[in-house]
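Bear in mind these aren't lab numbers, they're just calculated from the coordinates by the rules spelled out. Keep in mind it's a predicted model, so treat the numbers as computed, not measured. Every residue, glycine among them, receives a Cβ derived from its backbone with ideal geometry; neighbour counts consider all protein chains shown.
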Amino acid sequence: MCPYCGHDYRVPAYSYLQETISPGLRAVFYILSILIPIAGIIIGVIYYAKPDPESKRVGKNCIIIAILVWVVIAVLVIVALAVSVAVMNLLQMVAGVSFV
């Protein structure tokens with residue numbers, strides 16, 4: 001800090017260490033978030049905690065992708081169960097097959 005004018009010449013500690021996330025690494029993170037949602041959540045939390053906005057954006061995207069994958073899986077499981085119950089009821093009505 002300049003004793004005469006008060007200008008702060010100090011550089012923030014993280015500005016010179018700030019690394020950009022390459023598009024390839026970003027793609028790997030997003031693919032991991034799709035294939036292994038818990039890994040996406042972990043990566044997302046780690047990168048969201050970093051101070052630079054690019055890391056925060058990538059972290060938030062990983063978390064959102066992982067949560068969306070879980071929601072899609074839950075919907076698909078519910079639909080599959082509903083379809084299987086409907087097919088069993090249809091077979092029971094048409095062919096007289098008992099599943100109990």
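You can think of it this way: the chain between I38 and R10 has 6.1 nm of extra reach, that is 0.36 nm per residue less the Cα-Cα gap. Note on E19/V69: beta-carbon distance plugged into 1/(1 + (r/R0)^6) with R0 of 35 Å gives a FRET efficiency of 0.80. Based on alpha carbons, the Rg and Dmax found for the stretch 23-95 are 18.6, 64 Å. Note that the stretch 29-44 has calculated 3J(HN,Hα) couplings of 4, 5, 5, 4, 5, 7, 6, 10, x, 5, 5, x, 5, 5, 4, x Hz, one per residue in order, obtained from phi through the Karplus relation 6.51 cos²θ - 1.76 cosθ + 1.60 (θ = phi - 60°); glycine and proline are x.
A Förster distance of 22 Å, applied to the separation of the beta-carbon atoms of I46 and M1, puts the FRET efficiency at 0.05.
In terms of the mean number of neighbouring beta-carbon atoms within 10 Å, the peptides 61-74, 19-32, 79-92 order highest first as 61-74, 19-32, 79-92.
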